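Below: the structure, in structure tokens.
Taken together, the values in this text are just the output of simple stated rules run on the coordinates, not laboratory data. Nothing here was measured: the structure is a model prediction, and the numbers come from that model. Methodologically, a virtual Cβ is constructed for each residue, glycine included, from the backbone with ideal geometry; neighbour enumeration extends over all protein chains shown.
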Amino acid sequence: MKMSLILALVAGIAATSLSAYAKPSAAIIAAVADKSRPEADTKRDADRKPADMVEFAGIKRGQTVADFLPGGGYFTRIFAKVVGPKGTVFAVINAPAPNATKQNPILAVAAEPGYDNIKVVEGNVGAINLPGKADVIWTSQNYHDLFLTRFKVDIAVANRSIFYALKPGGYFIVLDHAAAAGAPLVQTANTLHRIDPALVRSQLEAAGFKFIGESKVLANPEDDHTKMVFDPTLRGHTDQFIYKFQRPRS
């Protein structure tokens, strides 16, 4: 094997290992420890390991971060504290249906004192359009939702919209429940709420992203990938992968 190839392989392994297991910054530790976080969120920290996840994502003070499909705002609140008052967090959600009777919970989070830097962006999640380019776009336990039959999302269009919503050199972080290798996508997404990690990587690389590395902090080898993620015997402890992709600088 040529020396140049050996060095490239070693560098790639080192980059993945270092980014996956770096010690969380003081800003991230402070954000996770922030007293304004609701108890319902902090009770989940032991399982979700937010400090490790945010450090892996590389989120820093002053950045623009998009939380794509933020749910109840578990990570959105943390991002807001990490980027600080000079940073911005876009909470990207689907525009409500005309007959919707419930308000998306992230709207209430953005209205809370101390979260003025959270800006809710409503639109078509199958082709996102941010008010400004992001340094990091993050989605947790939601990439598989793009394949739900009822959404009818063109994944190639969705991924290219995320690509162009990033600044050149920016990162897209995907955290999701792992499905068995080669498992049928329609079944895993709609029934089990999982997705094959290899499929995610191949789709995002096809969209132009460069795979940077992964973290195994949320891996669970005891999960055999056959149960729905909401199964009470497994919920909160599924085998999860977190991948880091980059929009090339040129």
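At a glance:
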item	result
Within straight-line cross-link reach of K152, aspartates and glutamates at Cα separation under 20 Å, skipping those fewer than 8 residues along the same chain	E122, D176, D196
Relative contact order of the chain, pairs being alpha-carbon contacts under 8 Å that are 6 or more residues apart, as %	18
DSSP-defined beta bridges in region 3-246 - what % are antiparallel, rounded to 5	35
Within region 3-246: Cβ-based charge dipole about Cα centre, in debye rounded to nearest 20 (Lys, Arg +1; Asp, Glu -1)	580
Estimated 222 nm signal from helices in the chain, with DSSP H stretches of n ≥ 4 weighted -39500 (n - 2.57), rounded to 500	-9000 deg cm²/dmol
Calculated FRET efficiency for the pair K35/L185, C-beta based, R₀ 45 Å, to 0.05	0.60
Model label zone, N99; criterion: amide N under 20 Å from point 7 Å along Cα-to-beta-carbon; scope region 130-163	149-152
Contact order normalised by residue count of region 185-250, Cα under 8 Å, 6+ apart, percent	39
Cα-based reach from K81 at 30 Å (exclusive), listing lysines while leaving out same-chain residues under 8 positions away	K23, K35, K43, K49, K60, K102, K119, K133, K167, K210, K216, K244
Under 5 Å, built H, 5+ apart or other chain: amide partners of A66	F90, V136, I137, W138
